[in-house]
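Visitor: Dropping the structure in here first, questions after.
Bear in mind these aren't lab numbers, they're just calculated from the coordinates by the rules spelled out. Just so it is clear, the model here is predicted, and its values are computed rather than measured. FYI the Cβ positions are ideal-geometry reconstructions off the backbone, even for glycines, and counts take in every protein chain you see.
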Ligand code: UTP
């Protein structure tokens with residue numbers, strides 16, 4: 001499409017305001033605006049305006065035919081130890097065979113934390129103040145060493161944080177990982193619109209573009225060539241986690257094993273909700289498919305519903321940890337599954353054409369007025385469009401959900417203060433270290449919440465969970481005294 005065609009396609013779509021300041025832009029800025037405009041799928045924007053923005057009453061979630069999703073309980077909560085051991089062995093075999101890659105979604109804007117920089121560079125650990133990326137790097141390295149196959153690590157960035165993220169890894173020598181196995185790629189972006197559906201300008205020469213949500217990761221994995229690289233490397237299993245949760249098991253053999261043994265295309269971890277109104281998505285079954293119903297879509301009465309035994313009926317909270325089959329990601333990304341690829345259960349394809357829906361988020365969006373002057377809105381002035389990765393679940397065959405302990409695996413840094421903040425995350429890491437110490441019989445003073453009096457820290461290279469920690473601890477010829485500043489690597 002040439003320049004005139006591009007501009008007239010915007011005018012024809014009622015989006016001519018995008019070029020309102022065209023005549024006063026320098027040539028280089030004109031080129032940049034054109035490049036951004038060419039990224040926009042006008043038909044998609046038109047469809048989203050029709051279905052999400054202009055529709056009166058907005059979209060309402062379909063809550064018909066819902067029931068709680070079954071899940072694999074932890075042995076301590078009544079699950080079968082034999083099944084967990086079998087899953088662990090299957091996952092370990094996959095790791096030894098090099099079938100698994102780690103995948104971090106790190107393209108978010110992190111507005112709530114308000115930290116100036118990519119969230120993965122945020123200093124998170126209690127003692128050494130290691131950044132999130134370093135914690136993951138050490139975990140991934142440790143798993144690779146344990147199973148004799150270094151892992152590939154895929155990191156999805158955004159246009160806004162890509163260069164800074166890459167530079168951070170270069171600066172820190174990839175935290176000891178082989179640079180050839182760490183892969184960065186940008187996610188897609190979407191234009192924001194005002195409440196009349198008109199694409200907003202951020203400046204006279206740039207569109208208000210923002211990342212297309214963590215659901216955009218499936219498209220981006222495909223578009224970036226990451227899926228092809230995985231295929232060439234013999235990787236068929238993607239271990240997905242978010243950038244904000246340092247206590248996640250980046251690569252968990254038992255989880256991978258449950259996924260593989262079930263022939264699942266996409267699997268998930270759950271934690272029992274902490275209280276009925278906890279703001280998490282709920283794993284449910286709807287007409288035979290696994291779905292996540294957000295707390296904001298689920299009526300309070302339903303969130304509080306109990307079973308005859310007095311337990312919460314909708315108890316399974318989503319914590320955004322998944323295992324994804326490589327060819328399933330390709331199918332969801334719009335690239336058809338390659339013949340003969342994927343597991344046998346996948347062959348033949350799915351009659352449904354899988355498309356991830358966009359969600360509407362009303363936000364304050366920096367823009368310009370009719371004179372091209374900057375406007376910093378006090379309240380929401382427009383709509384951003386985002387895809388959510390869990391919307392892929394209903395398209396997946398044989399999905400499994402397994403339980404994990406909240407204290408063992410979920411303490412995200414979302415907010416600057418209060419819940420899910422650097423402080424709560426620091427304390428949760430300390431509690432985890434204290435539990436590992438207690439489990440090996442070390443003397444450690446804690447308060448009633450399990451928080452140790454001493455600030456200690458253990459590198460994932462020493463131990464990345466209770467079992468690996470215990471192994472290394474037993475090997476220490478002299479056991480260290482637990483005191484402020486104890487660090488083991
Ligand atoms: P959040 O939902 O916490 O969003 O992302 P956020 O953008 O990081 O933070 P806020 O809402 O602005 O405060 C959960 C995970 O999904 C990733 C984030 O980087 C984080 O790991 N994510 C989110 C993306 O990779 N891309 C997106 O477009 C959105």
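Visitor: Could you tell me which of rounded, prolate or oblate describes region 176-279, using a ≥ b ≥ c as the square roots of the eigenvalues of the alpha-carbon gyration tensor, with rounded for a/c under 1.5 and, failing that, prolate when a/b is larger than b/c and oblate otherwise?
Guide: Oblate shape, in that a/c is at least 1.5 and b/c is the bigger or equal ratio.
Visitor: While we're on this one: Let a ≥ b ≥ c be the square roots of the eigenvalues of the Cα gyration tensor of region 149-196; is it rounded (a/c under 1.5), or, if not, prolate (a/b larger than b/c) or oblate?
Guide: Values: a/c = 5.41, a/b = 2.45, b/c = 2.21.
Prolate is the answer for region 149-196, as a/c is 1.5 or above and a/b outweighs b/c.
Visitor: Report, in whole Å, the centroid distance computed from the Cα atoms of region 26-45 and region 376-416.
Guide: About 30 Å separates the Cα centre of region 26-45 from the one of region 376-416.
Visitor: Turning to a different aspect of this structure: Once fully extended, how much extra length lies between residue 164 and residue 453, figured as 0.36 nm per residue of separation less the alpha-carbon to alpha-carbon distance? List each step's numbers first, then the result.
Guide: Details: separation 289, 0.36 × 289 = 104.04 nm, distance 3.64 nm.
Working it through step by step, the gained length comes to 100.4 nm.
Visitor: Largest first and in whole Å, what are the equivalent-ellipsoid semi-axes of region 34-152 based on the Cα gyration tensor, each being the root of 5 times an eigenvalue?
Guide: Numbers: eigenvalues 283, 149, 65 Å².
With the √(5λ) rule applied to region 34-152, the semi-axes are 38, 27, 18 Å.
Visitor: Any chance you could check the Cα centroid distance between region 188-265 and region 59-126 for me, in angstrom?
Guide: The distance from the Cα centre of region 188-265 to that of region 59-126 comes to 14 Å.
Visitor: Is any residue of region 446-460 close enough, with backbone N under 11 Å, to a label point placed 7 angstrom from the Cα of residue 479 along the Cα-Cβ axis, and if so, which?
Guide: none
Visitor: Quick check on region 78-232: what does the Kirkwood estimate of hydrodynamic radius come out to from the alpha carbon pairs, in Å?
Guide: On the way: mean 1/r = 0.0563 Å⁻¹.
When all Cα pairs of region 78-232 are included, the Kirkwood radius is 17.8 Å.
Visitor: Could you work out the relative contact order of the chain? I mean the mean sequence separation of Cα pairs under 8 Å and 6+ apart, divided by the number of residues, in percent.
Guide: On the way: 928 pairs, mean separation 92.4, N = 489.
Computed value for the chain: 19 percent relative contact order.
Visitor: How large is the Kirkwood hydrodynamic radius of region 239-306, counting all unique pairs of alpha carbons, in Å? All intermediate terms of the calculation are to be shown ahead of the outcome.
Guide: On the way: mean 1/r = 0.0708 Å⁻¹.
The Cα-based Kirkwood calculation yields 14.1 Å.
Visitor: Applying a 10 Å radius around every beta-carbon, put 159-169, 181-191 in order of their mean neighbour count, most first. Walk me through the numbers on the way to the answer.
Guide: Values: 159-169: 17.3, 181-191: 21.2.
Highest to lowest by the protection proxy: 181-191, 159-169.
Visitor: Over all alpha-carbon pairs in the chain, figure out the percentage whose distance exceeds 29 Å. Please report the intermediate quantities before stating the final value.
Guide: Working: 64048 of 119316 pairs.
Roughly 54 percent, once rounded to a whole number.
Visitor: Further question: PRE reach from residue 446 (point 7 Å along Cα→Cβ): which of region 248-265 fall under 19 Å by backbone N?
Guide: Answer for region 248-265: 248-249.
Visitor: Still on this structure, I have one more. Return a whole-number percent for the relative contact order of region 185-292, with Cα pairs under 8 Å and 6 or more residues apart as the contact set. Intermediate results must be reported in sequence, preceding the final value.
Guide: Working: 70 pairs, mean separation 15.9, N = 108.
Computed value for region 185-292: 15 percent relative contact order.
Visitor: Calculate the radius of gyration of the Cα atoms of region 224-274 to one decimal place, then report Dmax, the largest Cα-Cα distance, as a whole number, both in Å.
Guide: Looking at region 224-274, its Cα Rg and Dmax stand at 13.1, 42 Å.
Visitor: May I ask you to compute the full-extension gain from residue 472 to residue 145, defined as 0.36 nm times their residue separation minus their alpha-carbon distance, rounded to one decimal in nm? Write down the numbers at each step before the final one.
Guide: Details: separation 327, 0.36 × 327 = 117.72 nm, distance 1.38 nm.
The span from residue 472 to residue 145 would gain 116.3 nm if fully extended.
Visitor: Using the Cα gyration tensor of region 361-489, with a ≥ b ≥ c the square roots of its eigenvalues, what is the shape: rounded (a/c below 1.5), prolate (a/b larger than b/c) or oblate (neither)?
Guide: Details: a/c = 3.42, a/b = 1.95, b/c = 1.75.
Here region 361-489 falls in the prolate category.
Visitor: Suppose the chain between residue 274 and residue 56 were pulled fully straight at 0.36 nm per residue; how much longer would it get relative to their current alpha carbon spacing?
Guide: On the way: separation 218, 0.36 × 218 = 78.48 nm, distance 3.53 nm.
Gain on stretching residue 274 to residue 56: 75.0 nm.
Visitor: Could you work out how far apart the two model spin labels at residue 3 and residue 313 are, taking each label as a point 7 Å from the Cα in the direction of the beta carbon, and quote it in nm?
Guide: Here the answer is 6.3 nm between the modelled labels.
Visitor: Could I ask something else about it? Report the paramagnetic label zone for residue 296: residues of region 357-390 whose backbone N is under 20 Å from a point 7 Å from Cα along the Cα-to-Cβ axis.
Guide: Those under the cut-off are 357-366, 377-390.
Visitor: Determine, from the Cβ-Cβ distance of residue 92 and residue 487 and an R0 of 30 Å, the FRET efficiency 1/(1 + (r/R0)^6), rounded to the nearest 0.05. List each step's numbers first, then the result.
Guide: On the way: r = 28 Å, r/R0 = 0.95.
Efficiency for this residue pair is about 0.60.
Visitor: Okay, moving on. Highest mean first, how do 367-376, 16-25 rank when packing is the count of other Cβ atoms within 10 Å averaged over residues? Could you put the intermediate results ahead of the total?
Guide: Numbers: 367-376: 11.4, 16-25: 15.5.
Taking the mean over residues of other Cβ atoms within 10 Å, the ranking is 16-25, 367-376.
Visitor: Now, a different point. In nanometres, what is the gap between the two model label sites at residue 376 and residue 438, each 7 Å from Cα along Cα-to-Cβ?
Guide: 4.7
Visitor: Where does the chain land at 222 nm, in deg cm²/dmol rounded to the nearest 500, when only DSSP H runs of n ≥ 4 count, each adding -39500 (n - 2.57), divided by all residues? Intermediate results must be reported in sequence, preceding the final value.
Guide: Numbers: 14 runs with 140 residues, N = 489.
Calculated from helices alone, the mean residue ellipticity at 222 nm is -8500 deg cm²/dmol.
Visitor: Let me ask another. Semi-axes of the equivalent ellipsoid for region 417-489, please: Cα gyration tensor eigenvalues, times 5, square-rooted, ordered largest first, whole Å.
Guide: Numbers: eigenvalues 93, 35, 22 Å².
In descending order the semi-axes read 22, 13, 10 Å.
Visitor: Does anyone have the angle between helix 3-12 and the longest principal axis of the chain? Alpha-carbon axes, 0 to 90°, nearest 10?
Guide: The helix 3-12 is inclined about 90 degrees to the chain.
Visitor: May I pose another question? Once the convex hull of the C-alpha atoms of region 1-64 is built, how many Å³ does it hold per residue, rounded to a whole number? Walk me through the numbers on the way to the answer.
Guide: Numbers: hull volume 6.8 nm³, N = 64.
About 107 Å³ per residue, rounded to a whole number.
Visitor: In whole Å, what is the distance between the alpha-carbon centres of region 150-187 and region 281-336?
Guide: A separation of 31 Å, based on Cα centres.
Visitor: Before anything else, pin down the relative contact order of region 393-489: Cα pairs under 8 Å, at least 6 apart, normalised by residue count, whole percent. Spell out each step's value before the answer.
Guide: Numbers: 101 pairs, mean separation 19.8, N = 97.
Once normalised by length, the contact order is 20 percent.
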